[in-house]
Amino acid sequence: MSEKLERKPLLKTIGEKGKTLEAEMSFFDHIDVLRKHLIRAVIVIGCLTGVAFYFNEFILDTIIFGPKKPSFWTYRMLCELVAHFPSMGEGLCITQINGKIINTEMAGQFNLQLSVCVMAGIIVGFPYLLWEIWRFVKPALLENERKSASGFVFFASALFIVGILFGYFIVCPLSVNFLTGYTVSKEIENTFTVDSYLSSVATLTLGTGIIFELPIVIFILSKLGFMTPKLMRSSRRYAAVIILIIAAIVTPTPDIMTMMIVATPLFLLYELSIYVSAYIERGKKKAETEFYAK
């Protein structure tokens, strides 16, 4: 009798250990699947980086150094705007970009080309990366969750691309024009390293693209129950302050007009995020009503 009492705990312990090992294997299986998805994404981004190397002259001269040229689309549009509305002031028409870009390192231009091509590969391959992440997450979702999140890749990619375009054509040229022409003394000549220029352009452009993902972040947080439309509406004043601070950091220009140009889309994104959170909340309440009505 005593041997049976001693064996039961032992068998129970072995069984529990087996379940633990099974769970651990399941966890590592999931990690292995995620690894395969990420490897495919890296391969695609690598191929796109190779394509960028083929078009590197166009990417560097036309895209990267575009905001440094007075013929850039944004500057031309501003001049046309002044021509139609002279009351806005001739200072808004930008016809000259000050400052000189130099290379101070032996491998500086090679590193520039490599960095630009990798960055181009990541930007163009971002939708595919999101699609691979979606393929990994999708099997773990319920049927109704899959339907509600079916447009995740499309909307996240669209918001990222719109953010990239807004950052490149609005935020970046306004900041480049201000920073290259800003001086504290006539004795100081503005000469910038190519690394500094690329870092500024990449930060302003990619940073805006990431900021435009706010509705997607709110969608996920609302699904997890961490965010509600009531909380977001009550936090509008705090959000307004944070948005203005972000706009001031992203566009280091002293004039209010430039800062508001950047801040306005962020305010619209916040309002869109409230709508997204409210949509998720209505869906949850409807699901609960249907569940209890059965």
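Each value in this text was obtained by applying a stated rule to the coordinates, not by laboratory testing. From a predicted model like this one, the values you see are computed outputs, not experimental measurements. Using ideal geometry, Cβ is built from the backbone for each residue, glycine included, and neighbour counts are taken over all protein chains shown.
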Would you count, across the range 174-294, every pair of lysines whose alpha carbons are under 26 angstrom apart, provided the pair is eight or more residues apart or spans two chains? 10
Mean Kyte-Doolittle of at least 0.0 plus a Cα span of 30 Å or more along the axis: flag which DSSP H helices in the chain meet both, please. 2-54, 108-137, 256-293
Two-decimal Rg/Rh across the range 174-294, once Rg and the Kirkwood Rh are taken from alpha-carbon atoms: 1.19
Between the modelled labels at Ile220 and Ile122 (7 Å from Cα along Cα→Cβ) the distance in nm is 1.7 nm
How about the range 131-160: which trypsin sites (Lys or Arg not before Pro) there lie in a loop by DSSP and see at most 11 other Cβ atoms within 10 Å? none
Counting only residues 5 or more apart in sequence or on a different chain, those whose built amide H sits under 5 Å from that of Phe192 are Lys100, Ile101, Ile102
Rounded to whole angstroms and listed largest first, the alpha-carbon spread of the range 55-173 along its three principal axes comes to 58, 47, 19
Label point 7 Å beyond Cα of Gln96 along Cβ direction - residues of the range 69-88 with amide nitrogen under 13 Å: 70
For Gln109, what charge total do you get from the other residues with a beta carbon under 15 Å from its beta carbon, if Lys and Arg give +1 and Asp and Glu give -1? -4
Give me the percent relative contact order of the range 174-294, please, defined on Cα pairs under 8 angstrom at least 6 residues apart. 36 percent
Subtract the Cα-Cα distance of Thr62 and Ser235 from 0.36 nm times their separation in residues, and report this length gain in nm to one decimal. 58.1 nm
Two decimals is fine: what's Rg over Rh for the chain, C-alpha atoms, Kirkwood radius as Rh? 1.13
Cysteines (scope the chain) whose Cβ has no counterpart Cys Cβ under 4.7 Å: Cys47, Cys117, Cys172
